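Here is the structure we will look at, set down as C-alpha cells.
The values are calculated or read from the model by the stated rules, or taken from the named source; none is laboratory data. Since this is a predicted model, take the numbers as computed values, not measurements. Don't worry about glycine lacking a Cβ; one is built from the backbone with ideal geometry, like all the others, and counts go over all protein chains shown. Surface areas here come from the heavy atoms of the whole protein model, side chains and all, with no ligands, DNA or RNA. Shrake-Rupley method; radii C 1.70, N 1.55, O 1.52, S 1.80 Å.
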Amino acid sequence: MHATLEYRPSGSLAKLLLKNAALNLITLTIYRFWAKTRVRQYFWHAVRLDGEPLEYTGLGRELLIGFLIVLAVLAPATLVWSTAQTLLHADPVGLGIAQFVYFFVVYILIHAATFRARRYRLSRTRWRGIRAGQDGSTWRYVRLCLLWGLASMATLGLAYPWMRIAQQRYLMNNTRFGDRPFSFGAPARPLLGSWLIVLVPTLLFYASLAGFFWGFWSIAPDDTEASKKYFTEAFSRRGGFLAAAAVFLVTLGVSWLWYRLAEFRYFAAHTHLGGIGIVSRARSLPILGRVILCLAALAGFVLLTSILLTLGIWLALSAFRGGVDAVAILPIALLLAGLISFLLRRFWWTLIVTTGVVRHICETLEISGIEELSSIAHTATPEQKYGEGLADSFEVAG
Amino acid sequence: MTAALYPARYSDGRTATIRLVRAALNDSGLSVVDESGGLLDAWPLAEIRAVGLADSDGTLRLSRAGGDARLTVTNTDFDAQLRSLCPNLHRPIAPPHVRWRRIALWTGGTIASLATFFFIIVPIFAREVVRLTPPAVEARAGAWMSDYVINLMADTEAKRQGKAVCQRADGQAVLERLVFTLTTHAALSAPAVVQVVNSPIVNAFALPGARILIFRGLLEAAVHPNEVAGVLAHELGHAELRHPLQIAIEQSSGAFVIGLLFGDAVGFSVMGMTVSALLRGYYSRGMEMEADDRGMALMRASDFAVEPLAHFFTRLAQREKTLPGLFSVLSTHPDSGDRAARIRAMPREGSRAMTNSDWLALSSICR
C-alpha cells in the first residue's frame with residue numbers, strides 16, 4: 001500500500017515571517033530562538049503523513065539556553081584566539097599555525113553542531129504522539145567526518161560521495177521512530193557520476209584561479225605598470241575573468257542543487273524503517289524555478305524600496321531644507337534599500353524557496369508498506385533538555 | 001444530559017495505530033469510546049491541551065497535558081464546546097511560572113555577564129597579555145603595523161618618489177634629540193622609533209613597540225615647538241604604558257565576541273559594528289587621559305613649558321567638526337576643550353623645547 005506525504009499548510013506564513021522580522025529587529029535578534037520555533041511549528045504541521053500532521057514540540061527557551069551555554073565556552077576561547085592572531089600577525093609561521101588550528105576547530109564544531117541539531121530536532125518531532133529520536137555519539141560522528149574529510153582533501157574531492165555515504169549511514173542507522181530504527185546501506189560508486197558534474201568544473205575553476213595568481217606573483221612586486229597591465233588583460237580577455245567567475249558561480253549553484261537532489265533520491269531509495277520503504281521522485285527544476293522567483297522578488301523589492309525611499313527622503317528634505325536634487329538621494333536610497341533587503345532575505349527565502357522545496361519533496365515522496373506504521377511503539381528515552389547552541393553560532397541550517 | 005458523540009481519530013500514544021472512535025464532551029470531562037461503546041480514555045477538562053497548530057478549518061489536535069495520546073475531532077460544534085469548557089486549552093505544557101520569570105532572570109544574568117566580560121575581563125585580559133608579551137614580539141608587530149599605515153596614508157606622489165617617510169637629515173637630527181630628551185625620564189621597554197609620515201593629515205599616533213608616527217599635517221599646523229613636543233610626549237606616554245598593543249587586543253577580541261553574539265543574523269552585524277564602535281570609544285578615552293597625564297609629566301621632567309599645547313588643543317577644537325552631543329560617545333579622544341583646560345590647570349614654568357633654527361629644520365623635514 002502506497003502513501004504520499006501531503007503538504008497542507010495552515011495560517012499565513014507571510015504574516016508570521018513579518019512578525020518575526022519586526023520582533024528580531026526590536027530585540028536585536030534575541031527573539032530569533034522563538035522565531036525559529038514558530039517557523040518550524042508551521043512547517044512541521046504542514047507535512048501530513050496518512051492524514052496526521054507532524055508535531056514540533058521544541059520550545060524557544062531550549063534554543064536560548066543552548067545558545068547561552070555555548071556562548072559561555074566560545075567567548076573566552078574567541079578572546080584567546082583573536083589575541084593570538086593580533087600578536088602573531090607579523091610572524092608568518094605562527095600565524096599560519098594559528099589559522100590552521102582555527103580551521104581545524106571550526107570544522108569539528110560545525111559537524112558537531114550538525115549532529116546535535118539533528119538530534120534535537122528529531123527528539124522534538126512527534127507523529128501520532130510517538131517520538132522520533134537519534135542515538136549515537138557526537139564525537140564518533142565528528143571523528144568520522146574528520147577522517148573522511150582528510151580522505152576527500154587527499155583525493156582532490158573524489159572521495160566526497162564516500163564521505164556522504166558514511167555520514168548518512170551513521171546518522172540514519174542511529175535514527176529511530178518510536179522503537180523502530182531506520183536502516184541505511186548503499187554503495188557510494190553510483191553517486192560518483194553525479195558528483196563529478198560538480199567536482200570537475202570546480203577543480204577547473206580553482207586551477208584557473210591558481211594560474212591567475214601564479215602569473216600575478218611572478219611579476220616583480222614594485223612593477224606597478226606590469227601589474228596593472230596583467231589585471232586589465234585578465235579582466236578584459238574573452239569577456240573577462242569577472243564574467244567567467246559569475247557564469248561559473250551560477251553553474252556551480254545549479255549543478256550543486258542537481259547533485260544534492262540526486263543524492264537525496266539515492267539516499268531515500270536505500271533507507272528503510274523496518275519494512276517501510278521510501279522512493280523520491282524529486283527533481284531540481286521546480287526548486288530552481290523557486291530560487292529564481294525568490295531572486296526576482298528580492299530584486300523587485302530592492303527596486304520598489306529604493307523608489308519609495310527616494311521619494312520619501314526627497315519629500316522630507318524638501319519640506320525642511322528647500323529644493324534638493326533627487327539624483328543625489330538615489331545612491332543613499334539604493335544603499336538603504338539594499339540593507340533592508342539583506343535583513344529581509346530570510347523572509348523572502350523562507351516564503352518562496354523553503355515552502356516550494358517542502359511541498360515538492362512531500363508531493364514526490366512515495367512510502368510503501370505503510371501498514372507497518374501502526375505497529376510502531378513508543379519508547380521512553382530521556383531527551384536532551386536544550387539544544388542547538390553550536391548550530392546557532394555556526395549558522396547551521398534552521 | 002447526554003453529550004453528543006462525535007466521530008474522532010484517536011491514537012493511544014503507546015503505538016502509532018489510529019482508531020476511529022467517538023468523543024463526547026460534557027462538564028465532567030472528555031470521554032473517548034470505541035465502536036462498541038467501551039470507554040477507552042477519559043480526560044478531565046482542566047488537562048485538555050491543544051497540540052501543534054490548528055488546521056485551516058479550525059480542527060485541533062488534543063492531548064492530555066504531558067501525555068502521548070492524541071485525539072482529533074473535525075466538527076465545528078465540538079470546537080465551540082471545547083473552547084467554552086476547557087480553560088487551559090492553549091496553555092503550554094510546562095508550568096507557567098517557569099516561563100517568563102526564568103527567561104527574565106536568564107536575560108538579566110546574560111547582560112550582567114556580558115557587561116562584566118566587555119568592561120572588566122577584556123581589559124584585564126589585554127593588560128595581562130601585554131605584560132607577558134616579550135618586547136621582541138611586540139616590536140615585530142609594531143614594525144609591520146607602522147609599515148602598513150605609512151603605505152596606506154602617505155601621499156601617492158611622495159610614495160612614488162620614495163619619500164613616504166620624511167627624512168631630511170637636519171630635521172631628523174632635531175627630532176631624534178627631542179625624542180632623546182623626553183625619553184630620558186620614560187621607562188620604555190624598547191627604544192622609541194619616531195617617523196614623520198608625508199601626509200597632510202593632522203594627527204600622530206603610537207603603535208606597538210614604541211613606534212610613533214607623526215604626520216606632516218601636524219607639523220604644519222603647529223606654530224610653537226612645544227606643541228610638537230607635547231604631542232610627542234603624549235604619544236610616548238602611550239608607548240610607555242604599552243597602550244597600542246592593549247587597544248589592538250581589546251578591539252579585535254571585542255569585535256569577534258560581538259560577532260558571536262549576533263551570530264545568527266549576519267545582517268545585524270551593522271548592529272555589531274555600532275556596539276564595537278561604542279566599546280572602542282569607551283576603552284580608548286580612558287587610555288587617552290592616562291597618556292595625557294604621562295605626557296605632561298614627561299614634558300615637565302624635561303623642563304618644557306606645557307601651555308603652548310593648550311593653545312594647540314583650543315585651535316584643534318575650533319577646527320574639528322565637533323560631533324554633536326550624542327555622537328561624542330563614539331569619539332576615541334576626550335573633548336579637546338577639556339584637554340586644553342586640564343593643561344592650563346598645570347604649572348606654567350618651563351622653557352622652549354628647542355632653538356629657533358632647530359624648529360625651522362624640524363618644520364621643513366618634509367621638503
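Summary table
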read-out	value
Rh (Kirkwood; distinct C-alpha pairs) - the protein assembly as shown, Å	31.9 Å
Residue-averaged beta-carbon neighbours from other chains (10 angstrom radius) around A:71-79	6
For region B:1-91, with +1 on Lys and Arg beta carbons and -1 on Asp and Glu, the positive-most of B:Ala23, B:Gly37, B:Ala65 along the dipole	B:Ala65
Heavy-atom accessible area ranking, 1.4 Å probe, most first, across A:Tyr230, A:Tyr141	A:Tyr230, A:Tyr141
Gain upon complete extension [B:Ala345, B:Leu114; 0.36 nm per residue less C-alpha separation]	79.3 nm
Two-site label geometry, B:Ser28 and A:Val101: point separation in nm, points 7 Å out along Cα→Cβ	7.2 nm
DSSP-defined antiparallel bridges as percent of all bridges, the protein assembly as shown, nearest 5	90 percent
Mean Cβ neighbour count within 10 Å, used as a protection proxy, ranking A:119-127, B:43-51 highest first	A:119-127, B:43-51
Rel. contact order, % - alpha carbon contacts under 8 angstrom, at least six apart, region A:136-204	28 percent
Cβ crowding within 10 Å averaged over residues, with A:211-218, A:73-80 ranked highest first	A:73-80, A:211-218
Candidate aspartates and glutamates for bridging to A:Lys36, where Cα separation is under 18 Å - those fewer than 8 sequence places away on the same chain excluded	A:Glu55, A:Glu62, A:Glu388, A:Asp392, A:Glu395, B:Asp264
Inter-label distance for A:Leu257 and B:Arg19, nm, one decimal - labels placed 7 Å from Cα along Cα-to-Cβ	4.8 nm
Peptides B:80-88, B:205-213, B:178-186 ordered by average Cβ neighbours within 10 Å, highest first	B:205-213, B:178-186, B:80-88
Residue-by-residue Karplus 3J(HN,Hα) for region A:40-50, coefficients 6.51, -1.76, 1.60, Hz, glycine and proline x	5, 4, 4, 6, 4, 5, 6, 8, 10, 10, 6
Phi-based couplings in Hz for region B:40-53 (Karplus 6.51, -1.76, 1.60; Gly and Pro marked x)	9, 7, 9, 10, x, 4, 5, 9, 7, 10, 7, 10, x, 8
Label-point gap, in nm, between B:Asp155 and A:Ala186 - each point 7 angstrom along Cα→Cβ	6.9 nm
Rel. contact order, % - alpha carbon contacts under 8 angstrom, at least six apart, chain A	26 percent
Tail fraction, Cα-Cα pairs, region B:162-219, threshold 18 Å, whole percent	34 percent
Tail fraction, Cα-Cα pairs, region A:1-123, threshold 18 Å, whole percent	68 percent
Listed residue (A:Val358, B:Ile201, B:Val122) projecting farthest to the positive dipole end of the protein assembly as shown, Cβ model	A:Val358
Average partner coverage of A:125-137, which counts Cβ from other chains inside 10 Å	4
For residues of B:7-20, the mean tally of beta carbons on other chains within 10 Å	5
Residue-averaged 222 nm ellipticity for chain A, from DSSP H runs of 4+ at -39500 (n - 2.57), nearest 500	-23000 deg cm²/dmol
